[in-house]
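The values are calculated or read from the model by the stated rules, or taken from the named source; none is laboratory data. All values reported here derive from a predicted model rather than from experimental measurement. No Cβ is skipped: glycine too gets one built from the backbone with ideal geometry, and neighbour counts run over all protein chains shown. We work out accessible area using only protein heavy atoms, side chains counted, and drop any ligands, DNA or RNA first. Shrake-Rupley method; radii C 1.70, N 1.55, O 1.52, S 1.80 Å.
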Amino acid sequence: MTETSTYANVTLDPRANVYFDGKCVSHTFHLADGTRKSAGVILPATLAFGTAAPEVMELHTGACRVRLAGSEDWVSYGAGDSFSVPGDSSFDIEVTEPVSYVCHYG
(Lines give C-alpha, C1' and ligand atoms only; values in the text may rest on other atoms or scores of the structure.)
Protein backbone atom coordinates (compact mmCIF):
# COMPACT_ATOMS: atom_id res chain seq x y z
CA MET A 1 0.00 0.00 0.00
CA THR A 2 1.29 3.44 -0.86
CA GLU A 3 1.34 6.37 1.51
CA THR A 4 -0.95 8.37 -0.78
CA SER A 5 -3.94 7.42 -2.88
CA THR A 6 -5.03 9.14 -6.06
CA TYR A 7 -8.69 9.27 -7.03
CA ALA A 8 -9.69 10.99 -10.29
CA ASN A 9 -12.79 13.16 -10.55
CA VAL A 10 -13.56 13.23 -6.81
CA THR A 11 -16.34 15.21 -5.19
CA LEU A 12 -15.57 15.88 -1.52
CA ASP A 13 -18.20 16.67 1.08
CA PRO A 14 -16.43 19.34 3.17
CA ARG A 15 -18.67 18.70 6.21
CA ALA A 16 -16.92 16.49 8.73
CA ASN A 17 -18.56 13.33 10.04
CA VAL A 18 -17.82 13.53 13.78
CA TYR A 19 -18.56 10.47 15.93
CA PHE A 20 -18.04 9.56 19.57
CA ASP A 21 -17.33 13.10 20.81
CA GLY A 22 -14.61 13.60 18.21
CA LYS A 23 -12.81 10.28 18.68
CA CYS A 24 -13.60 9.49 15.03
CA VAL A 25 -13.68 12.17 12.33
CA SER A 26 -14.01 11.52 8.61
CA HIS A 27 -14.92 13.14 5.30
CA THR A 28 -17.08 11.49 2.67
CA PHE A 29 -16.14 11.65 -0.99
CA HIS A 30 -17.68 10.33 -4.20
CA LEU A 31 -15.92 9.09 -7.32
CA ALA A 32 -17.16 9.89 -10.84
CA ASP A 33 -18.89 6.48 -11.04
CA GLY A 34 -20.91 7.28 -7.88
CA THR A 35 -18.83 5.11 -5.56
CA ARG A 36 -18.87 6.46 -2.00
CA LYS A 37 -15.80 6.37 0.26
CA SER A 38 -14.64 8.14 3.40
CA ALA A 39 -11.23 9.04 4.78
CA GLY A 40 -10.65 9.76 8.43
CA VAL A 41 -8.92 9.20 11.72
CA ILE A 42 -9.86 7.32 14.88
CA LEU A 43 -8.17 8.34 18.13
CA PRO A 44 -7.32 5.84 20.90
CA ALA A 45 -10.60 4.46 22.28
CA THR A 46 -12.84 1.41 22.17
CA LEU A 47 -15.84 2.11 19.93
CA ALA A 48 -18.76 0.22 18.39
CA PHE A 49 -19.82 0.95 14.80
CA GLY A 50 -22.85 -0.24 12.87
CA THR A 51 -22.79 -0.78 9.12
CA ALA A 52 -25.54 -0.31 6.56
CA ALA A 53 -23.56 -1.32 3.45
CA PRO A 54 -20.60 -3.72 3.36
CA GLU A 55 -17.35 -1.91 4.21
CA VAL A 56 -13.66 -2.46 3.65
CA MET A 57 -11.52 -0.47 6.08
CA GLU A 58 -8.04 0.20 4.70
CA LEU A 59 -5.59 1.32 7.43
CA HIS A 60 -2.83 3.75 6.49
CA THR A 61 -1.35 4.47 9.94
CA GLY A 62 -1.83 3.31 13.51
CA ALA A 63 -2.80 0.11 15.26
CA CYS A 64 -6.06 -1.42 16.40
CA ARG A 65 -7.95 -4.59 17.25
CA VAL A 66 -11.30 -5.41 15.67
CA ARG A 67 -14.09 -7.76 16.71
CA LEU A 68 -16.82 -8.43 14.15
CA ALA A 69 -20.42 -8.95 15.22
CA GLY A 70 -21.03 -12.52 16.34
CA SER A 71 -17.37 -13.21 17.06
CA GLU A 72 -15.60 -13.40 20.38
CA ASP A 73 -12.18 -13.04 18.74
CA TRP A 74 -10.28 -9.77 18.43
CA VAL A 75 -7.98 -9.47 15.39
CA SER A 76 -5.05 -7.02 15.31
CA TYR A 77 -4.46 -4.70 12.35
CA GLY A 78 -1.90 -2.04 11.52
CA ALA A 79 -0.76 0.24 8.71
CA GLY A 80 -1.11 -1.49 5.35
CA ASP A 81 -3.81 -3.90 6.56
CA SER A 82 -7.50 -3.94 5.74
CA PHE A 83 -10.56 -5.71 7.08
CA SER A 84 -14.08 -6.29 5.75
CA VAL A 85 -17.38 -5.88 7.56
CA PRO A 86 -20.68 -7.16 6.14
CA GLY A 87 -23.60 -4.81 5.55
CA ASP A 88 -26.31 -4.54 8.22
CA SER A 89 -23.79 -5.61 10.83
CA SER A 90 -21.45 -4.08 13.39
CA PHE A 91 -17.92 -4.19 14.72
CA ASP A 92 -16.01 -3.12 17.79
CA ILE A 93 -12.66 -1.41 17.34
CA GLU A 94 -10.04 -0.82 20.02
CA VAL A 95 -7.55 1.76 18.77
CA THR A 96 -4.19 1.76 20.55
CA GLU A 97 -2.40 4.19 18.20
CA PRO A 98 -4.32 6.79 16.16
CA VAL A 99 -5.59 5.13 12.97
CA SER A 100 -5.95 6.90 9.64
CA TYR A 101 -8.09 5.04 7.16
CA VAL A 102 -10.02 4.97 3.91
CA CYS A 103 -13.36 3.19 4.06
CA HIS A 104 -14.72 1.66 0.85
CA TYR A 105 -18.51 1.12 0.86
CA GLY A 106 -20.64 -1.34 -1.07
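A few remarks follow.
- Residue that is surrounded by the most Cβ atoms within 10 Å (Cβ to Cβ), among those in the range 62-106 that are of a type in the set (Asp, Glu), out of contact with any Lys or Arg (no Cβ under 9 Å at 6 or more places or on another chain) and assigned to a loop (DSSP other than H, G, I, E, B): 81
- Residues in the range 10-56 that are small (Gly, Ala, Ser) and at pLDDT below 95: 32, 34.
- Residue count for the range 39-54 satisfying the condition of being touching a Gly at 6+ places or on another chain (Cβ under 8 Å) and open to solvent by less than 40 Å² (accessible area, probe 1.4 Å): 3.
- All positions within the range 18-38 that are open to solvent by 40 Å² or more (accessible area, probe 1.4 Å) and part of a strand (DSSP E or B): 18, 19, 25, 27, 30, 36
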